[in-house]
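The values are calculated or read from the model by the stated rules, or taken from the named source; none is laboratory data. Small disclaimer: the values here were computed from a predicted structure and weren't measured. Here the Cβ positions follow ideal geometry from the backbone for every residue, glycine too, while neighbour counts run over all protein chains shown.
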Amino acid sequence: MVVETPHLRADAQRNLERILEAACEVFAHEGLDASVADVADRAGVGTATIFRRFPTKDDLVSAVLEHELETFAGRARQASESDDPGVAVEELMTSMIESFIEDRCFCEASGSDLFLRPRMQELVTELTGSLDLLLRRAQEAGAIRDDVVAADLGFLVNAVGQAGLRLERSAPGAWRRYAELVLAGLRPEGARPLTHKPPTPEQLHEAKTG
């Protein structure tokens, strides 16, 4: 992972990159239960080196989550410019669900207070804006039913990702079945009116913050 940080010496910059690469690997595999010591062992540095750059474990986890969100935001931005927005919705949602399965840290931290940090909020706003644009284009193309909103896509990704991760050990890949069912339900063919309106942004925020 290349992280440009001004005013760092070359050796400090290399240490930072090793720390973040190790943190991504350790937290993805072990989840939020992993310790800073685990990350230090993987990076080949002392815990004091990590704490000089990241005063708390939450700060380190936040840096990892920011990297993941930046990746999601980039994917969503590219998808929103696709010539086939219907296919782009399916590919983006599938890749995001797969990321939940492969990255326990992101899955477990989803909806936590860590996402209330300013940089995280900026990235969530960017991601949501791209999803909204992509969805509108897919609906205009007749590929997605008209009563779906961007927040629905995020909810469905989260739901399949969370449940799929719990299934992964006993039934590897089972999440793909449920992703296919969700994607089929988004298409307009044979769609029936939904009986409940989507939650408001305020309701979703309240649910995330408990």
*asked:* All but one of (1) under 26 Å from residue 78 (Cβ atoms); (2) surrounded by fewer than 17 Cβ atoms within 10 Å (Cβ to Cβ) hold for residue 138; state the number of the condition that does not hold.
replied: (2)
*asked:* Tell me yes or no: at least one residue of region 108-124 is more than 22 Å from residue 31 (Cα to Cα), outside any loop (DSSP other than H, G, I, E, B) and either over 15 Å from the mean Cα position of the chain (by Cα) or touching a residue at least 60 places away in the same chain (Cβ under 8 Å) (or both).
replied: yes
*For region 1-97, please list each of the helices (runs of 4 or more DSSP H) lying entirely inside it that holds at least 1 residues being at pLDDT 95 or above and under 30 Å from residue 143 (Cβ atoms).*
57-80
_Quick test for you: out of 48, 79, 73, pick the one residue that is out of contact with any Phe, Trp or Tyr (no Cβ under 9 Å at 6 or more places or on another chain) and without any contact (Cβ under 8 Å) to a residue 12 or more places away in the chain._
48
_All positions within region 36-77 that are acidic (Asp, Glu), more than 24 Å from residue 11 (Cβ to Cβ) and buried (at least 17 other Cβ atoms within 10 Å of the Cβ)_ = 68
*Among what's in region 175-192 and is surrounded by 15 or more Cβ atoms within 10 Å (Cβ to Cβ) and among the aliphatic types (A, V, I, L, M), pick the residue that is nearest to the chain's Cα centre (by Cα).*
179
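Yes/no matrix, rows are residues, columns are (1) over 22 Å from residue 85 (Cβ atoms); (2) out of contact with any Cys (no Cβ under 9 Å at 6 or more places or on another chain); (3) modelled with pLDDT of 90 or more:
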{"site": "148", "(1), (2), (3)": "no, yes, yes"}
{"site": "157", "(1), (2), (3)": "no, yes, yes"}
{"site": "160", "(1), (2), (3)": "no, yes, yes"}
{"site": "163", "(1), (2), (3)": "yes, yes, yes"}
{"site": "169", "(1), (2), (3)": "yes, yes, no"}
{"site": "181", "(1), (2), (3)": "no, yes, yes"}
{"site": "184", "(1), (2), (3)": "no, yes, yes"}
{"site": "187", "(1), (2), (3)": "no, yes, yes"}
*Examine region 142-155 for a residue that is closer than 15 Å to residue 91 by Cα, outside any helix (DSSP H, G or I) and of a type in the set (Val, Ile, Thr), and state whether such a residue exists.*
yes
*Starting from region 95-107, keep only residues that are more than 16 Å from residue 172 (Cβ to Cβ), then list their pairs with residues that are surrounded by fewer than 21 Cβ atoms within 10 Å (Cβ to Cβ) and of a type in the set (Lys, Arg) whose Cβ atoms are within a distance under 7 Å, requiring at least 6 positions of separation or different chains.*
95/75
_Unmet requirement for residue 195, which otherwise passes all of (1) closer than 16 Å to residue 76 by Cβ; (2) of a type in the set (Ser, Thr, Tyr); (3) free of Cβ contacts under 8 Å to residues at least 24 places away in the same chain_ = (1)
*Does residue 133 fit the bill of being hydrophobic (A, V, I, L, M, F, W, C) and at pLDDT below 95?*
no
*Restricting attention to region 38-71, report how many residues are within 29 Å of residue 95 (Cα to Cα) and of a type outside the set (Asp, Glu).*
13
